[in-house]
Amino acid sequence: MPEFVHRKGTNSYKWDTKPEGAPEDIIPMWVADMDFKVPEEIINALKRRIEHGVFGYSFRPREYFDAVTAWLSDYHDLNVKEEWIVPIPGVVYGIAATIRLFSNSGDGVVIQPPVYWPFFSVIKDNERKVVENPLKWDGMKYVMDYEDLERKLEIAKILLLCSPHNPVGRVWDLEELKELASIIKKKDVIVISDEIHADLIFKKFHSMIEVEEIYDRLVVLTSPHKTFNIPALHVANAIVPNPDIRKKLLSFTKALHVFGANPLTVEATISAYRFGKRWLLETLKTIENNMDIVVEWAKDKDYVSAYKPEGTFLMWLDFRATGFPDEELFNKLLSAGVWLQNGKSFGEQGEGFMRMNVATSKEIVEEALKRIEKAFS
Ligand SMILES: Cc1ncc(COP(=O)(O)O)c(C=O)c1O
């Protein structure tokens, strides 16, 4: 089992901030990082590097690229060539860079809300236009609306996918990605596939890398951030099979003078990908167990419903039966002592929903559920 660690006093957004007026003992379940200590191998690698005592200008060695491709091959059966990899400081950086390179001011970027809220802001901050292709609920799960997508891509230069999808927790089937590719093929668009949650899965993950027919327009973004709970180490990789797109992305990053590497980040990444699998599988069991607890708890509640996601450590809870608008619902839960991410921050479609991060201890999840129950009884 991964080790739960108290994080107060570490400048953590999750544990060391709170909305004004929230109770002192608020349980934070919003930001998407985990309350678990990282794999021992990462800590040891960092210790060794720190002990060396010199942190001069450094580069990423061959072992870094080997570790990334070996992980993708071993964990996902993906065949990625080392030369396709463009190291970047973060996934959202990769989205921003690709948007800037392959569209102009005012151009449309299609996203599939309800979706990770920075997708909206990264588009707006770069003076592009958000074009929504909302997901649909088919009675069992969220699915893509292909007909609407076909229309929306007419007025866009970029499609930004979330795969697996945050917050609805879908791990897209290969058939769904292929259907998507058949539409994309007919349009003049670049596809960014944000696969940051790819390793946190409860079924087989399929990457856009498996869809060769769109290699001429594809940027896949991966990172060990979520997988091994190291998002503050700022490490991600764009995987770009097309040499022209790759060259542009490399030159852009160079033009911003983002080069060299943090030696601690390099050590952490290599050891995470080489030795972190066992820790990850145990962590997934803990997360899955917490999800089961929430789903079971919600079964006899008339004010909330919950389903088990196919991936991520995030749950998309449906509070629409309460009739409370977004802000009121958020505040009610906050006063009860639970800080969830409000649904509307993921788009209009999130009205009445709340996102809950369950990558924490079972005890904390159970206490949060008790507090929610009290708020609605
Ligand atoms: C879908 C998605 N993309 C990107 C990020 C953040 O990526 P990074 O910290 O590498 O910029 C998150 C974090 O929650 C996320 O959920």
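Every read-out reported here was derived from the displayed coordinates using simple, explicitly stated rules and does not represent laboratory data. Bear in mind that the values here come from a model prediction, so they are computed numbers and not experimental data. Neighbour counts are summed over all protein chains in view; Cβ atoms, including those assigned to glycine, are modelled from backbone coordinates with ideal geometry.
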With T = 20 °C, eta = 1.002 mPa s and Kirkwood Rh from C-alpha pairs, the Stokes-Einstein D of the stretch 8-106 in µm²/s is about 118
Applying the Karplus parametrisation 6.51 cos²θ - 1.76 cosθ + 1.60 with θ = phi - 60° to the phi angles of the stretch 353-367, what ³J(HN,Hα) value in whole Hz is obtained for each residue in order, glycine and proline being reported as x? 10, 9, 9, 10, 8, 9, 7, 8, 6, 4, 4, 5, 4, 5, 5
Whole angstrom only: what separates the Cα centroid of the stretch 166-187 from the Cα centroid of the stretch 118-138? 16
Within straight cross-link reach of residue 187, meaning Cα distance under 18 Å, which aspartates and glutamates are found once same-chain residues fewer than 8 apart are removed? 107, 132, 145, 147, 148, 150, 154, 176, 179, 212, 213, 216
Summed over the other residues with a beta carbon less than 10 angstrom from that of residue 348, with K and R at +1 and D and E at -1, the charge totals -2
Charge dipole (debye, nearest 20) of the chain; +1 at Cβ of Lys and Arg, -1 at Cβ of Asp and Glu: 840
Quote to one decimal, in nm, the extra length available between residue 213 and residue 362 on full extension: 0.36 nm per residue of separation minus the C-alpha distance between them. 49.3 nm
What's the extension gain from residue 322 to residue 295 if we count 0.36 nm per residue and subtract their Cα-Cα distance? 8.0 nm
Calculated on alpha-carbon atoms, Rg and Dmax of the stretch 184-324 in Å: 19.2, 57
Between residue 348 and residue 155, what FRET efficiency comes out of the Förster formula 1/(1 + (r/R0)^6) with R0 = 25 Å and r the beta carbon distance, rounded to 0.05? 0.85
Counting other C-beta atoms within 10 Å, and keeping those with at most 15, which DSSP coil trypsin sites (Lys or Arg not before Pro) do you find in the stretch 179-270? 185, 186, 203, 204
Once you've got the GNM for the chain with C-alpha springs shorter than 10 Å, pick whichever of 190, 50, 123 has the biggest mean-square fluctuation. 50
I need the GluC sites (Glu not before Pro) found in the stretch 8-60, filtered to DSSP loop residues with at most 10 other beta carbons within 10 Å of theirs. 20, 24
On alpha-carbon atoms, Rg over Rh for the chain using Kirkwood Rh? 0.96
For the stretch 153-159, in residue order, the Karplus 3J(HN,Hα) values (coefficients 6.51, -1.76, 1.60; θ = phi - 60°; whole Hz; Gly and Pro = x) are 5, 4, 10, 9, 10, 9, 10
Neighbour-count ranking [beta-carbon atoms within 10 angstrom, fewest first] of 374, 178: 374, 178
Using a 7 Å offset from the Cα along the Cα-to-Cβ direction at both residue 373 and residue 18, what is the distance between the two label points in nm, to one decimal? 2.3
Scan the stretch 32-127 for trypsin sites (Lys or Arg not before Pro) in coil per DSSP, keeping those whose Cβ has at most 13 other Cβ atoms within 10 Å, and list them by number. 81
Among beta bridges that DSSP assigns inside the chain, antiparallel share in %, nearest 5: 55
Percent RCO, i.e. relative contact order, over the chain, from Cα pairs under 8 Å lying at least 6 residues apart: 23
Hey, how many Å between the Cα centroid of the stretch 1-39 and the Cα centroid of the stretch 228-246? 26
